[in-house]
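Asker: Got a structure for you, questions after.
The values are calculated or read from the model by the stated rules, or taken from the named source; none is laboratory data. All values reported here derive from a predicted model rather than from experimental measurement. Cβ placement follows ideal geometry from the backbone for every residue including glycine, while neighbour counts extend to all protein chains displayed.
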Amino acid sequence: MTDTIEQPVDDTTTRMNMIQAINSAMDVTMARDPAIVVMGEDVGYFGGVFRATAGLQKKYGKTRVFDTPITECGIIGVAVGMGAYGLRPVPEIQFADYIYPALDQLVSEAARLRYRSGGEFTAPLTVRSPFGGGIFGGQTHSQSPEGIFTHVSGVKTVIPSTPYDAKGLLIAAIEDNDPVIFFEPKRIYNGPFNGHWDRPAENWSKHPGGEVPTGYYKIPLGKANVVRDGEAVTMLAYGTMVHVCAQVVADTGVDAEIVDLRTLVPLDIETIEASVKKTGRCMIVHEATRTSGFGAELAALVQERCFYHLEAPVERVTGFDTPYPHSLEWAYFPGPVRIGQALKKILKD
Amino acid sequence: MGEEPGIVPPRGNLPPLSLHVPEPKFRPGDAVDFADVPIPPAGTARRPDTADAARDFTDLAYSMVRVLDDNHQAVGAWNPRLSPDTLRRMLRHMATVRAFDERMFRAQRQGKTSFYMKSLGEEAVAVAAAHALDAEDMCFPSYRQQGLLIARGCPMVDMMNQIYSNTGDKLQGKQLPIMYSEKRFGFFSISGNLTTQYPQAVGWAMASASKGDTRIAATWCGEGSTAEGDFHSALTFATVYRAPVIFNVVNNQWAISSFSGFAGAEATTFAARAVGYGIAGLRVDGNDALAVYAATAWAAERARTNAGPTLIEHFTYRTEGHSTSDDPTQYRSAGEPTAWPLGDPIRRLKDHLVAIGEWDEARQADMDREVAEEVKAAQKEAEKNGVLGHGLRQPLDSLFDGVFEEMPWHLREQRQMMIDEETASGRPWDRK
């Protein structure tokens, strides 16, 4: 694993939203490596229900970018076999909520193949899947199942928070020789959602993370990004919640340090540890349900490593342990009010 | 709780609904009679052209391809007309598998390993297929196709090292015994989870086709695990992309203690699963090595000429328990194995060779002695590398190798914990 961000070969940049950045990541890697294939429901001619694969079939042909039957178990199983042949598949699962039929192929096959075969066979897949809520998707188009995968040995879990990160991380994921679950926060495909659902939506055109190199570059897996330096409290977040945290910090004026984890496994523990030891307070924010969520792992790690630096109990701000609701979406969502209250509490303690 | 749930008033004259739960014909203590198992005479099945549309020979999914007749002659359109040398090689490989199984089963009983699975009575299914495929074709087996490895020349010492999880095991003792991985012999890593290899074989075959390769894939599962979703996902993918793949369903009648009725055998054949997918379906006498060879060669030609996948049901019988962990006398009649109407595949091939004047009892006895010696010698060699739980084994820290290509910090930390734990325990161990 390289520790430095590879600089773009060509330093031309342009404005992209996250979908365009993800599309560009597949485009530049497919042009470099003929072993890369893109597959999934509706990804071919149509270019995906979120348009993430638009134009790729036309450019690279039907044997490299193709539609699949509606069987997630089949999509991942076939991708594992293609990987065994020597291809580098990038399957799309249309919504993370649909990934469960593929769990056996991901957990028992892709994640375990290198180990069980003594390295004879590997599964260099990158499974892309839109996840998270805030789009009125109801319980079957809104879930955040990252904690299921971080619990599985042998698979990496990556979640970007900006178009720039999405492209660099996806290229790194595709080139990684281990299976990677790449969850795309669909609420921020088009703009950096700040948690205020009742205010006008923003797009990526004014956000620094929307300026994306047109060429090839990588952001190494396992490296977090400190998106805001601060002294009062450390906020650990990823995906959509990075932006919601940033808005709360801007609104309250709290001098918080916001750490965007970017990769959950392998986790950048050094950055987390350094930040919490500096601030003495740690708050974890994720949209996924609370019990056994990834926040529980983070809280355990922080108390194991930073206990004597902590001045307050570790706070978790999460979704509730309910199915993701439809009409009551914003009551479920860990928005600015929930985060703001937790901030007050952790700073008072 | 008030009323009983689900009880509704009678609807006209209809009797109440009743649930059908399948039950095998024979249980422990029952006399066995397989007279009602339909066995068509050898040589009667027609042999379509490998380019024909699957819908034009769906009858073959309900009958049975058989080549060896009651007089031990090879008859009919499916006779593969193999040379005596090839027949003798197949016979020897089947005998080797049987001797290997016997030896390793006993090794498990002697406490030298934790687990073993024999293929007694089913040797033709894997061995004849291996002879009909090209050596470069990729196999995605289940756990009872050790015959593929034997027929492809995998050293028995290597197989035994894996079974013993010893220092010679290139899988570093990470897998349950017999879950081999032998890339050099075109043999995919075996999973303990059932039928996961089916879509994987399709993916491999699709990759081969998309790269303009000439190699095809073949995969195996038992009749019980055709119920898995992976089976149906695989067949859907295979028919959609006309993947160059051969699906083998080894119908050995029993899935541990569940008879084939729990996978749907009371209603139809397993070859008939192909019909709904528009895939070529063949039902084959799995104890007839020539029929298995002929069907596999037909399916391989079909796949290699871009005419699509084939599903072959091998109708056979699991003569022993599922594994070393179950006792078949607890759930089925002890009379079944000897009453099985399709006989012993080794005996049938041997009788054929004798009938055509290419073999005799003395040569058979010599061969049996030779293969037994070979297996014994391999075992002696393998045991120099240790047996499970006694002495030689992989270094402890190999436990953490291969989770990822590069070891992340959390695994390095856990490895150090293990090393400290071992040091504190005072137990000496070899860290290489």
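Asker: Go over the candidates B:Q162, B:Q200 one by one and state the one that is in contact (Cβ under 8 Å) with a residue 60 or more places away in the chain and not aromatic (F, W, Y).
Answerer: The unique qualifying residue is B:Q200.
Asker: Exactly one condition in (1) away from chain B (no Cβ under 14 Å); (2) without any contact (Cβ under 8 Å) to a residue 24 or more places away in the chain is not met by A:L56; state its number.
Answerer: (2)
Asker: Would you mind finding the one in B:R283, B:R318, B:R273, B:R332 that is in contact with a strand residue (DSSP E or B) (Cβ under 8 Å, 6 or more places away or on another chain) and under 20 Å from B:W78 (Cβ atoms)?
Answerer: Just one listed residue meets the conditions, B:R283.
Asker: Can you pull out the residues in segment B:203-231 that are within 8 Å of chain A (Cβ to nearest Cβ), in contact with a helix residue (DSSP H, G or I) (Cβ under 6 Å, 6 or more places away or on another chain), touching a residue at least 24 places away in the same chain (Cβ under 8 Å) and among the hydrophobic types (A, V, I, L, M, F, W, C)?
Answerer: Matches in segment B:203-231: B:W204, B:M206, B:A217.
Asker: Could I ask something else about it? Within segment A:67-78, which residues are within 7 Å of another protein chain (Cβ to nearest Cβ) and touching a Pro at 6+ places or on another chain (Cβ under 6 Å)?
Answerer: Answer for segment A:67-78, where residues must be within 7 Å of another protein chain (Cβ to nearest Cβ) and touching a Pro at 6+ places or on another chain (Cβ under 6 Å): A:C73, A:G74, A:G77, A:V78.
Asker: Considering segment A:91-146 alone, what residues qualify as being in contact with a strand residue (DSSP E or B) (Cβ under 8 Å, 6 or more places away or on another chain) and basic (K, R)?
Answerer: Hit for segment A:91-146 is A:R128, nothing else.
Asker: Could you name every one of the helices (runs of 4 or more DSSP H) located completely within segment B:67-153 that has at least 2 residues being at pLDDT 95 or above and of a type in the set (D, E, K, R)?
Answerer: Result: B:84-109.
Asker: Is it fair to say A:E297 is under 23 Å from A:V152 (Cα atoms) and of a type outside the set (A, V, I, L, M)?
Answerer: Against the criterion (under 23 Å from A:V152 (Cα atoms) and of a type outside the set (A, V, I, L, M)), A:E297 qualifies.
Asker: Looking at the structure I just gave you, is B:T167 within 14 Å of chain A (Cβ to nearest Cβ), at pLDDT 95 or above and part of a loop (DSSP other than H, G, I, E, B)?
Answerer: No: the conditions fail for B:T167.
Asker: Oh, and also: Listed residues B:M418, B:M367; which is touching a residue at least 12 places away in the same chain (Cβ under 8 Å), assigned to a helix (DSSP H, G or I) and not assigned by TED's automatic domain parsing to the domain that holds B:A297?
Answerer: B:M418
Asker: Any residue at all in segment B:337-354 that's more than 26 Å from the chain's Cα centre (by Cα), touching a residue at least 60 places away in the same chain (Cβ under 8 Å) and assigned to a helix (DSSP H, G or I)?
Answerer: So far as segment B:337-354 goes, yes, one or more of its residues are more than 26 Å from the chain's Cα centre (by Cα), touching a residue at least 60 places away in the same chain (Cβ under 8 Å) and assigned to a helix (DSSP H, G or I).
Asker: Any idea which of A:G81, A:G133, A:G86 is buried (at least 24 other Cβ atoms within 10 Å of the Cβ), at pLDDT 95 or above, within 12 Å of chain B (Cβ to nearest Cβ) and over 16 Å from A:I181 (Cα atoms)?
Answerer: Every option except A:G81 fails the conditions.
Asker: Could you look through segment B:171-189, keep only residues that are within 25 Å of B:Y241 (Cα to Cα) and either more than 8 Å from chain A (Cβ to nearest Cβ) or in contact with a helix residue (DSSP H, G or I) (Cβ under 6 Å, 6 or more places away or on another chain) (or both), and pick out the one that is surrounded by the most Cβ atoms within 10 Å (Cβ to Cβ)?
Answerer: B:S189
Asker: Related question: B:V67 is checked against (1) buried (at least 21 other Cβ atoms within 10 Å of the Cβ); (2) out of contact with any Asp or Glu (no Cβ under 6 Å at 6 or more places or on another chain); (3) not hydroxyl-bearing (S, T, Y) and fails just one. What number does that condition carry?
Answerer: Going through (1) buried (at least 21 other Cβ atoms within 10 Å of the Cβ); (2) out of contact with any Asp or Glu (no Cβ under 6 Å at 6 or more places or on another chain); (3) not hydroxyl-bearing (S, T, Y) one by one, B:V67 breaks only (2).
Asker: Do any residues in segment A:259-272 that are on the phi < 0 side of the Ramachandran plot have Cβ atoms under 6 Å from those of residues that are buried (at least 23 other Cβ atoms within 10 Å of the Cβ) and modelled with pLDDT under 95, where the two are at least six apart or on different chains, and which pairs are they?
Answerer: Partner pairs satisfying both residue conditions: none exist.
Asker: Can you name the residue in segment A:105-122 that is in a helix (DSSP H, G or I) and surrounded by fewer than 21 Cβ atoms within 10 Å (Cβ to Cβ) and, of all such residues, is nearest to the other protein chains (Cβ to nearest Cβ)?
Answerer: Top of the filtered list is A:S108.
Asker: Residue by residue through segment A:191-231, note down the ones that are under 26 Å from A:A31 (Cα atoms), out of contact with any Asp or Glu (no Cβ under 9 Å at 6 or more places or on another chain) and surrounded by fewer than 21 Cβ atoms within 10 Å (Cβ to Cβ).
Answerer: The one that is under 26 Å from A:A31 (Cα atoms), out of contact with any Asp or Glu (no Cβ under 9 Å at 6 or more places or on another chain) and surrounded by fewer than 21 Cβ atoms within 10 Å (Cβ to Cβ): A:E211.
Asker: If I filter segment B:13-21 for residues that are at pLDDT 95 or above and surrounded by 10 or more Cβ atoms within 10 Å (Cβ to Cβ), do I get at least one hit?
Answerer: no
Asker: Next question, about the same structure. Return yes or no: is A:G239 crowded, with 24+ Cβ neighbours inside 10 Å and either away from chain B (no Cβ under 14 Å) or over 28 Å from B:E406 (Cβ atoms) (or both)?
Answerer: yes
Asker: Being more than 25 Å from B:H72 (Cβ to Cβ) and touching a helix residue (DSSP H, G or I) at 6+ places or on another chain (Cβ under 7 Å) is true for just one of B:L311, B:L282. Which residue is that?
Answerer: The match here is B:L311.
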